[in-house]
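What follows is a single structure, written as structure tokens, with notes after it.
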Amino acid sequence: MKLLVVAATAAEIAPFLAQCPDADVLITGVGMVATTYALTRRLATTRYDLVIQAGVGGSFDESIPLGEVVFVTADTYGDLGAEDHDEYIDIYGLGLLGRNDHPHTEGMLRNPLSAMHSGISLRQVSGLTVNTVSGNATTIARRRTQGCQVESMEGAAFHYVCLQEGVPFAQVRAISNYVIPRDKSQWKMKDAIIALNNWLIEYTRTA
Ligand SMILES: O=C(O)c1cccc(C(=O)CC[C@H]2O[C@@H](n3cnc4c(=O)[nH]cnc43)[C@H](O)[C@@H]2O)c1
């Protein structure tokens, strides 16, 4: 199987890079803009059977233990829209994008799961992608209403590009922190990276 591993930063997949130096890897940079540019460019020249985005992320759901590796099967935008005084109107609410305009389905960028994904036996969650990491109570309360379990800075861009290009994909994230008012002392980045890489090494060994 021709597999591409995508990560925002090399640090997130450093153990994998050390153990699998010949793997096909794309380090995109952090955020939706960098992810879209780098991945679109790569997929324009190379066809893959599966593209995996491996990263860390925050969880709104405190029943998911820090360090757990999850499979984000649907993603959406957390801050694409307009502020109307104290309210937030998302891009669909503004009428600038239809909730079912391709590649969106009911306002989500859904992974069309197939037999290819059967080897990914991780908890399946939905993702919210933001430009600014949630760090104050008002923003967090507002973003919670979107009903997603995890937050990242790249997931929606990754889903969007893969859906547009018709490439099978999987967004896999290890939970490094809960989405709470900013307190980096509570982040478990190292544990999350170890768990993410253990999963990635094992998955690519057997894929
Ligand atoms: O110092 C910070 O405040 C900070 C905030 C977010 C991420 C970082 C990183 O060093 C990792 C980059 C990577 O992390 C993902 N991430 C992790 N937790 C969250 C979150 O709660 N909300 C959104 N993104 C998160 C993100 O995808 C970045 O690529 C440092």
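The values are calculated or read from the model by the stated rules, or taken from the named source; none is laboratory data. None of the values given here were measured: they were computed from a predicted structure. Here Cβ is always computed from backbone atoms with ideal geometry, including for glycine, and neighbour counts include all displayed protein chains. Remember, those area values only see protein heavy atoms, side chains included, never the ligands or the DNA or RNA. Shrake-Rupley method; radii C 1.70, N 1.55, O 1.52, S 1.80 Å.
Some points to look at:
- Residue within region 78-97 that is within 14 Å of the ligand (Cβ to nearest atom) and not charged (D, E, K, R) present: yes
- Exactly one residue among L39, L97, L66 is touching a residue at least 12 places away in the same chain (Cβ under 8 Å), open to solvent by less than 70 Å² (accessible area, probe 1.4 Å) and more than 16 Å from A174 (Cβ to Cβ), and that residue is L39.
- In region 121-143 there is no residue matching the filter, namely being part of a loop (DSSP other than H, G, I, E, B) and modelled with pLDDT under 95.
- Selected residue (only one of E87, E62 is charged (D, E, K, R) and closer than 15 Å to N177 by Cβ): E62
- Screening region 30-66 for residues that are more than 15 Å from the ligand (Cβ to nearest atom), touching a helix residue (DSSP H, G or I) at 6+ places or on another chain (Cβ under 7 Å) and not in a strand (DSSP E or B) and picking the one that is farthest from R142 (Cα to Cα) gives L43.
- Residues being in contact with an Asp or Glu (Cβ under 7 Å, 6 or more places away or on another chain) and over 12 Å from Y77 (Cβ atoms) - total across region 100-122: 1
- Every condition in (1) modelled with pLDDT under 95; (2) surrounded by 14 or more Cβ atoms within 10 Å (Cβ to Cβ) is met by A207 except one, and the failing one is (2).
- Members of region 157-207 found to be over 16 Å from D49 (Cα atoms), part of a strand (DSSP E or B) and not polar (S, T, N, Q), listed by number: V172, R173, A174, I175, Y178
- One residue stands out among those in region 1-23 that are over 19 Å from the mean Cα position of the chain (by Cα) and outside any helix (DSSP H, G or I): the one that is surrounded by the most Cβ atoms within 10 Å (Cβ to Cβ), which is C20.
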